[in-house]
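Everything on this sheet refers to the single structure shown next.
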There are 2 protein chains.
Amino acid sequence: MAKKNALYAQSGGVTAVINTSACGVIESCRKNSDKMGILYAAQNGIIGVLQENLIDTSLESDIAVANLRHIPGGAFGSCRYKMKDIADSDSEYKRLIEVFKAHNIGYFFYNGGGDSADTCLKVSQISKSMGYPIQAIHIPKTIDNDLPLTDCSPGFGSVAKYVAVSTKEASLDIASMAASSTKVFILEVMGRHAGWIAAASGLVAKNQGEPPHIILFPEVAFDREAFITEVKNSVEQSGYCVVVASEGVTYGDGGLLSGSLSEDAFGHKQLGGVAPALCTMVKNALGYKYHYAVADYLQRSARHLASKTDVDQAYAVGQAAVEKALTGKNAIMVSIERNSTSTYGWSLGEVPLSSVANREKKMPRSFISKDGFGITQEAREYLLPLIAGEDYPPYKNGLPHYPKLQNKLITKRCKQWTLP
Amino acid sequence: MAKKNALYAQSGGVTAVINTSACGVIESCRKNSDKMGILYAAQNGIIGVLQENLIDTSLESDIAVANLRHIPGGAFGSCRYKMKDIADSDSEYKRLIEVFKAHNIGYFFYNGGGDSADTCLKVSQISKSMGYPIQAIHIPKTIDNDLPLTDCSPGFGSVAKYVAVSTKEASLDIASMAASSTKVFILEVMGRHAGWIAAASGLVAKNQGEPPHIILFPEVAFDREAFITEVKNSVEQSGYCVVVASEGVTYGDGGLLSGSLSEDAFGHKQLGGVAPALCTMVKNALGYKYHYAVADYLQRSARHLASKTDVDQAYAVGQAAVEKALTGKNAIMVSIERNSTSTYGWSLGEVPLSSVANREKKMPRSFISKDGFGITQEAREYLLPLIAGEDYPPYKNGLPHYPKLQNKLITKRCKQWTLP
C-alpha cells in the first residue's frame, strides 16, 4: 500500500505550547516515515487547506523542529474560520477533497479548541458522506480549558501559571504601597464563558485574607453590591484588595459589565473593558485609588513562564495523534486522563469528536467558594499539578530564542479558490 | 566611639529588585557589625520613620535575608509621601531627629527614585541645619530609568526585559492570527515622562518591518495622522501591527490621549487608558480588529523574568551604600558607571544628591529614530546589556518562593505623632 501523506494545521487562538504539539506531531511523523509520507502544514489553519497554501515540513531541519517545543504563537499561522454545515453547502468540502487528492493526504491533524473540533469533525465526515478516505484526528489546545472529556487542555496549564505568578507578584507590589497609595488592583484575564483562567489565580491565596481577595467568574452572576462590600472588607482588613476578573463576567441577566465591541467569525463577542468598568465602580462607591492590568495576549503567549506539565502534555498529545492515526483511528480527539491516585499522574486517551465539538466545559460549582469570590480546596487540588514545573526557553542576548521556520510553500496543483 | 545604628527605608513605586538592594544593605551591615550597630527598616518608607514604626532586621535569619534577593515588591513597605521644605516647616524634621535620637540612628539609607532622592537630600541637610549628625545615602531605584547622573537605575533592566520579552511573545501571537483575526495589538507600558521602558521593546525588532512596528514615547509629540498612516503601512506590509505605547504619550500641546484620573502625593497625574484610546482611533480610521494589553504593575513586579545585570547592580548599590556610609559619606547617591570599552562592564560611583533630586533623565533624541516611532542603534547598544542574563527565583509547587519576613516592630520610645 502506497504511503499516504499527512496534513497538520493550527486553529483558533494560539497558546504558549501549540507549537510544542506541532513538534510532537512532526517528530512522530519523522519516526514513522516508513508508514507515513510527507507531513504538510497548512498556512493559517483550515484557510490554508482551502487555498492550497501548504508548507512542506520535511524541509525543516531536526533542530528547527526541536526548537518548536519552546516557541509560542502559531508557527504555521492559525485562523478563526467557521466551515459551513455539509448539509447546507458542500462547496468547501469538495474543495478540501480536491486539495487532499492533489497531495495524497490521508491523515488530517487539527490542533485547536472547541470550535476547531467542529471543523475537524466535519472533515472527518468526508470519508462517509463524500467517499474520500481521510482520518481526522483532533489535537486539543485551548487556554480556556473548556474542552469537554479531557481532564485539561494543553495551553491552559501555562496560562494558569502565568496568571498565578503574575497575581502573586502584583499582590506583593500592592501590599507594599497600599498604606499611602494604590489600594485596589484589578487584573483582567481571559475566559469568555469559563472561569478556569481566573480560578488559577486562587492558587496564590493559601490562607484566609491573602490575595487575590476576589475572583470574578463568568459562571457566577455579578452582584455589584456584594462586590463593593467585599472590596471594602478586604481593604479594611488587609489594607488592600486584589481582584482577578474574567473578561466574560456578566450580570445575572447576561448583561456585560463592559460594552461589547464586535464579533468574531464564530459570533463570539470581542470582550474587553471589565477591569476599567470595575475600577470605576470602586472609585465611585469607595473612592479608593486603583490600578488595573489587562493581560490579554501576554497571558497566552508567555512561553517564558510555561508549566512543565503543560509542555509535556502538549508534546504528548501531538505525538499520540500520529500514533493513533497509524492504528486507523478517525474522528477522535486525543484526551488527557488524570490517574485516580493521591499523587498526580496522567495518561492519554481518546474521545469521539462528535462528543467534543461545540461544547464548553465550565467550572463546576463545587470548584467555586460559597460566596462566589474564590476557589475551593477541590479546585486547588485540580489546578495545582497543572502549573507544576518550569520549562524555560533558551535565551540569547537577554531575549528568548524563538527562531522562525522557513515555512516554504509547495507548488500548487489545484486551481485558485476564493473563500466563500 | 559608640557604634551608631542604621535605618533603611524603601520609597516610591516598588520594583522587581528593590528587595535585592535591601538584601545588599542588610548583608553588608551584618558584615560590618563591628563598625555599625543595629539596622532598622522603616515600615512604609519615610512615613514609618515619622511614625516610629521601625522593624528590627537583626531578628531576620540569614536565609530570610538572602531570600530578599529574589522577592519582588517592597518587603518593608514603601510610600508616596512628600516632605515639606525645611524652610517652610521644620516639624517633620524635628520629629525625624526625635526618632533618630531615640534609636541612636547615625546612618540613613533611602532606596528610591527622583522624588525619594528629594526626601533623602532633605534628611541629609539635618546635619548642618539642625545639628543632628546623620549620614544620608540614596540607593537608586526606579523602573523609569529617569534618575540623572547614573548610567541606569536598578529596577529598569528587569522591567525592560519584561517588556521586550512580552512584546516578542505577543508579536508571535498576533503574527499567527492576523490573516483572519486581530491585526493591531497595542501594549501600554509605564513611563510618564520618559520613554525608556517603551524603548526596550525596540530590542525585539532586529530588521526592518519586524515588530514592534510603532513605539510611542512621551518625548515625541503624538501625531494622530502619522500614527494612523504608520499602522496602515504596517498592516499592509507585514500583515499586522504591534504598537508599544508609553502611558505618558501626549499631543504636542501636552494634551493627554487618555483622560487623567487623579493625582498622587507629588501631584503626578495617575494615567491610564492610552491603549484603549489608540485602539479607538485605529478602529475608527481603519476598521482593523484590535486587542490591547495594559501591563501596569505586572511589569514592575515581574521578578520571575528579572535581568541578571539588573539583579547584580541592585545588590551592589545596596552593598556600596553601607560601605560609603562607613567612610563618612553623606548626601550622595550611589551611581552606576558604564565602562567605556567595547564590551559592557560597569562599576559603582557616587554623585551629590543635590544634583539628583527632582530631575528627570529623558531619552536623548539620538536614541529615537528619525520618524519618532522606533529606536536607533545607539539606543540598542545602550539597552541590550541591561536586559542580559536570567536570574530565576526558586519555585515551590509551581509558584515562585516569595516568603514573608517577620517584620517585627520594635517598641516605640517616642510619643505618638500624626502626619501633618
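The values are calculated or read from the model by the stated rules, or taken from the named source; none is laboratory data. Quantities reported herein were computed from a predicted structural model and do not represent experimental measurements. Positions of Cβ are generated from backbone atoms using ideal geometry, with glycine treated the same way; all protein chains shown enter the neighbour counts.
Across the stretch B:50-73, the qualifying residues are those that are in a loop (DSSP other than H, G, I, E, B) and under 18 Å from residue B:38 (Cα atoms), and the one among them that is farthest from the other protein chains (Cβ to nearest Cβ) is B:61. Can you find even one residue in the stretch B:361-381 that is assigned to a helix (DSSP H, G or I), touching a Gly at 6+ places or on another chain (Cβ under 8 Å) and closer than 30 Å to residue B:187 by Cβ? Among the residues of the stretch B:361-381, at least one is assigned to a helix (DSSP H, G or I), touching a Gly at 6+ places or on another chain (Cβ under 8 Å) and closer than 30 Å to residue B:187 by Cβ, which makes the answer yes.
Pick out the one residue from A:28, A:58, A:21, A:11 that is assigned by TED's automatic domain parsing to the domain that holds residue A:77 and free of Cβ contacts under 8 Å to residues at least 60 places away in the same chain. Going through A:28, A:58, A:21, A:11 in turn, the sole match is A:58. Inside the stretch A:76-129, residues that are of a type in the set (D, E, K, R) and not in a loop (DSSP other than H, G, I, E, B) make up a count of 9. Among the residues of the stretch A:173-186, the ones that are in a helix (DSSP H, G or I) and surrounded by fewer than 24 Cβ atoms within 10 Å (Cβ to Cβ) come to 1 in all. The set of residues in the stretch A:387-414 that are more than 11 Å from chain B (Cβ to nearest Cβ) and on the phi > 0 side of the Ramachandran plot contains only A:407.
When residue A:350 is tested against the conditions (1) touching a strand residue (DSSP E or B) at 6+ places or on another chain (Cβ under 6 Å); (2) in a loop (DSSP other than H, G, I, E, B), the lone failure is (2).
With respect to being within 14 Å of another protein chain (Cβ to nearest Cβ) and among the aromatic types (Phe, Trp, Tyr), residue B:76 fits the description. Taking residues in the stretch A:90-108 that are on the phi < 0 side of the Ramachandran plot, and partners anywhere that are among the hydroxyl-bearing types (Ser, Thr, Tyr), the pairs with Cβ atoms closer than 6 Å and at least 6 places apart or on different chains are A:97/A:132. Restricted to the stretch A:323-352, and to residues there that are out of contact with any Asp or Glu (no Cβ under 9 Å at 6 or more places or on another chain) and among the hydrophobic types (A, V, I, L, M, F, W, C), the residue that is surrounded by the most Cβ atoms within 10 Å (Cβ to Cβ) is A:325. Scanning the stretch A:370-386 for residues that are over 20 Å from residue A:211 (Cβ atoms) and either surrounded by 20 or more Cβ atoms within 10 Å (Cβ to Cβ) or within 14 Å of chain B (Cβ to nearest Cβ) (or both) gives A:381, A:382, A:385, A:386. Just one of the listed residues (A:400, A:420) is over 20 Å from the mean Cα position of the chain (by Cα) and within 30 Å of residue A:245 (Cα to Cα), namely A:400.
Residues of the stretch A:5-23 that are of a type outside the set (Ser, Thr, Tyr) and either away from chain B (no Cβ under 13 Å) or at positive phi (or both): A:5, A:6, A:7, A:12, A:23. One residue alone among A:356, A:334 is at pLDDT below 95, under 23 Å from residue A:8 (Cβ atoms) and in contact with a His (Cβ under 8 Å, 6 or more places away or on another chain), and that residue is A:356.
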